[in-house]
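Okay, so here's the structure we're looking at.
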Amino acid sequence: IYGERRWLAKGCVIANDADYSRAQMLIHQLHRSGTTGMAVINHPGQFLHTNTSKVGSIKTKFQFDKILCDVPCSGDGATRKLPIKWLTWHTSDGMVLHPLQLSILMKAINLLKKGGLIVYSTCSLNPIENEAVINALFQKVGKGL
């Protein structure tokens with residue numbers, strides 16, 4: 001149509017949630033808002049992988065420009081809103097989740113393009129779930145993953 005500007009998306013968003021009901025809720029919200037250029041998948045983040053394709057003699061691996069790594073956490077940062085959470089809180093909560101958080105973040109590093117950006121996020125105040133995960137990642141990266 002003459003005079004109409006058509007904007008073509010230069011990319012897309014792939015959202016993943018390991019929890020089926022949360023992924024379904026995200027799909028519902030995307031449909032409600034009319035958002036396009038998004039795909040929702042339901043898979044454990046630490047096991048995500050992308051295929052390597054071959055065009056002629058060149059192998060290419062699908063990688064992401066940006067990754068938001070919002071990992072499962074103890075949720076102790078929500079005690080302000082949910083004071084009852086203190087009744088079930090235990091010091092070991094973060095220690096139990098630390099290996100999972102680290103494995104998801106390491107997977108994100110492997111799926112990121114060179115020069116890309118990762119944002120690591122929790123709703124926890126526990127240093128075992130935050131600073132210790134980042135520190136462990138830096139130790140592994142220093143050893144070449």
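Only Lys, Arg, Asp and Glu count, each charged at its Cβ (+1, +1, -1, -1), so figure out the dipole size of segment 12-98 about its Cα centre, rounded to 20 debye. Spell out each step's value before the answer.
On the way: 9 positive and 6 negative charges, 49 e Å.
The calculation lands at about 240 debye.
Dividing the summed helix terms, -39500 (n - 2.57) for each DSSP H run of n ≥ 4, by the number of residues in the chain produces a 222 nm estimate of -10500 deg cm²/dmol to the nearest 500.
Summarising the amide proton neighbourhood of residue 118: residues at separation of 5 or more, or on other chains, whose placed amide H is nearer than 5 Å comprise 67.
With a 1.4 Å probe and every protein chain kept in, tell me what percent of the accessible surface of the chain is carbon plus sulfur. About 60 percent, which is the carbon plus sulfur part of the accessible surface. For Kirkwood radius over Cα pairs in Å, computed directly from the structure shown, the correct entry in (i) 17.8; (ii) 14.3; (iii) 15.2 is (i). Taken one residue at a time, the phi angles of segment 119-128 give Karplus couplings (6.51, -1.76, 1.60, θ = phi - 60°) of 10, 9, 9, 9, 10, 10, 9, 6, x, 5 Hz. Gly and Pro are set to x.
Could you work out how much longer the chain between residue 15 and residue 81 gets when fully extended? Use 0.36 nm per residue separation minus the Cα distance between them, nm to one decimal. Show your work: numbers first, answer last.
Numbers: separation 66, 0.36 × 66 = 23.76 nm, distance 2.63 nm.
Gain on stretching residue 15 to residue 81: 21.1 nm.
Between residue 33 and residue 103, the contour length at 0.36 nm per residue exceeds the alpha carbon distance by 21.9 nm.
Between amide H atoms placed 1.01 Å from N, distances below 5 Å from residue 64 occur with 112, 113, all of them 5 or more places distant or on a separate chain.
Heavy atoms of the protein chains alone define the surface here; on that basis segment 1-108 has 79 Å² accessible area per residue at 1.4 Å probe size.
Considering Cα pairs under 8 angstrom that are at least six residues apart, work out the relative contact order of the chain and quote it in whole percent. For the chain, the relative contact order is 23 percent. Put 95, 38, 106 in order of accessible area, highest first, and with a 1.4 Å probe you get 95, 38, 106. Let me know the shape class of segment 57-110, please: from the alpha-carbon gyration tensor, a ≥ b ≥ c as square roots of the eigenvalues, rounded when a/c is under 1.5, otherwise prolate if a/b is greater than b/c, or oblate. Prolate shape, in that a/c is at least 1.5 and a/b is the bigger ratio.
The values are calculated or read from the model by the stated rules, or taken from the named source; none is laboratory data. Here the structure is a predicted model, which is why all the values come from computation and not from measurement. Cβ coordinates were reconstructed from backbone atoms using ideal geometry, including for glycine residues, and neighbour counts include every protein chain displayed. Each accessible area value is taken on the protein alone, full model and side chains, heavy atoms only, with ligands, DNA and RNA left out. Shrake-Rupley method; radii C 1.70, N 1.55, O 1.52, S 1.80 Å.
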